[in-house]
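Undergrad: Dropping the structure in here first, questions after.
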Amino acid sequence: MRPQLQGPGVLRRRYTRSVPPRVGPGAGESRESPPLAPEPGPAARETVDGEAASWRRWAPSHLVPGFIALQIVCQLALLLESISAVRVVVRVLAFGLSLALLAFVPGQRLRHPAMPVLIASMAITALNMFHPQTSNVLAGTAQLGIQVAVLAPLFWVTRVRIDAVTFRRALALLFLFNAASAGMGVLQVYFPGSFQPALSTAIGSMGESYTSSLQFEAASGQRIFRPFGLTDVPGGAATGAFYSVLLGTGFLISARRGLVKVLSLGGIFVGVISLYLCQVRAMALMLGVCLLAIGAVLALRGRLLQLVKLVALVGGLAVVGLSWAVAVGGQSALTRWGSLFEQDAADVYYSNRGYFLEGTFTHFLPQFPLGAGLGRYGMANAYFGGARDPSRPPLWVEVQWTAWVFDGGAAVLVLYPLAVLLTAIWALRVALRRNDSEEFWLWGTLIFAYDVGAIALTFSYPFFMSQAGMEFWLLNAALFGAFFHATRQAPRSALHETVHPDRR
């Protein structure tokens, strides 16, 4: 008897091959064709299926949050004086893991809209390795490795299967860490000297006049550093405060349980106080831009009630937080924040970072239209720059736009920001999507505001040369993957219900 195929169009079953039963040894067998291999027993099938299911559960549920957790551990390790001898190793580990995952995570990646532009930008940066003013081979390689490591999550995260639950876990982990950093900043001002880590050697080497500019007089009359948070840089708690408020706002909008709402409100409140105490006015302006982006999306979607509640809650916490910050930080905090309203916002920015941005376009871009060579600024130069050559002296980077000019000149100055813009536009499209059973519009709104904040931060410091830049591509890749798999799985589930109604 010839084996036949049975398909879903016949008996609503999966494709199977029917084979006549064997009655005895050699019965039904042919000398020309060997007998079919026996199927694995139930125990073997359960073992194989269990291992496959275990891997499928592990890959999306642990890889991305685990990567974020390790980045947090590396950040916390830098605060320990006992590891000063292996400080370089810890910094390399934070970026090296991203490169390792890029090389070893299997699977076919999804095509994010920013990928072609990023590849072109990195190709030009790699060519800059052969620039005659590259510091040296080691420093140039380190610089290129940092850049690839920062954007690598966009390529390896899209190879693993991400779902909405995994994406929320990643956001929650970042929110909790940044809220802890902001809370630590408040404690460092409330109890001067008790929770403060050692000052970064790079900051300490800049002289007493510079370090004194990072201090202020607290309400107790004692002169203290701006809060570090969970960093080794004065004022570093401002970054944690920024993301604590931003991510807390997203969780507050989506919260359905009382505990999540309480944690979200607490994170926003602590973040606001910490931001006031850090006295980083540019960061506050950028946070305002992000919150406006969230409000604009809510208005476009017609969720006016949520918008009113959000404005009332965040606005109320901002007012109460200012009073608390003045009571702890003293009159100097109120004076500094009052100057933000006494002067034009553009003048405030120019006096802090604006002249660096102006110098990028008026001085450095004409001087280095094709780039300045690799390894001449930042961590790569500090650790691997080697002997100082007068023909290729170290360069100082204060804003990301200057770094783009040094890395590849005018081409990178156009391509990399274009990739960031395309990423933000894609997140906005998800935020404005109407038919959404998984509430991806909400996470698209949050990531769009996050992207707007990242774009704003490029005018304040070299965002895409840090772990924060790595987190940017990680979260955008996770949203892209989760959205893709959710939208692709929905029609398959509907088809399965149609073809197999008895399997409900």
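Every read-out reported here was derived from the displayed coordinates using simple, explicitly stated rules and does not represent laboratory data. For clarity, every value in this text was computed on a predicted model and none was experimentally measured. For neighbour counting, all protein chains shown are included, and Cβ atoms are generated from backbone atoms with ideal geometry for every residue, glycine included.
Undergrad: Rounded to the nearest 0.05, what FRET efficiency do F191 and H363 have when you use their Cβ-Cβ distance and R0 = 45 Å?
TA: About 0.55, to the nearest 0.05.
Undergrad: Moving on. Which of the chymotrypsin sites (Phe, Trp or Tyr not before Pro) found in the range 387-455 are loop residues per DSSP with 16 or fewer other Cβ atoms within 10 Å of their Cβ?
TA: W396
Undergrad: Separate question: Between the range 205-221 and the range 108-148, what is the C-alpha centre distance in whole Å?
TA: 38 Å
Undergrad: Sticking with this one: If you project the alpha carbons of the range 120-237 onto the principal axes, what extent comes out on each, in Å, largest first?
TA: 54, 48, 18
Undergrad: Round to a whole angstrom and tell me the spacing of the C-alpha centers of the range 168-202 and the range 255-317.
TA: Here the two parts' Cα centres lie 19 Å apart.
Undergrad: Placing unit charges on C-beta atoms (Lys and Arg positive, Asp and Glu negative, everything else neutral), compute the dipole magnitude of the range 160-245 about its Cα centre in debye, rounded to 20.
TA: Around 320 debye, computed over the range 160-245.
Undergrad: If you line up the Cα atoms of the range 162-209 on their principal axes, what length do they span on each, largest first, in Å?
TA: Sorted largest first, the three principal extents are 50, 25, 14 Å.
Undergrad: If eta is 1.567 mPa s and T is 4 °C, what Stokes-Einstein diffusion coefficient results for the range 369-445, Kirkwood Rh from Cα pairs, in µm²/s?
TA: 86 µm²/s
Undergrad: Is there a quick way to get the dipole size of the range 187-286? I mean about its Cα centre, with the Cβ of Lys and Arg at +1 and of Asp and Glu at -1; what is the value in debye to the nearest 20?
TA: 480 debye
Undergrad: Stokes-Einstein diffusion coefficient for the range 95-157 at 20 °C in a medium of 1.002 mPa s, Rh from the Kirkwood formula over Cα pairs: what value in µm²/s?
TA: 169 µm²/s
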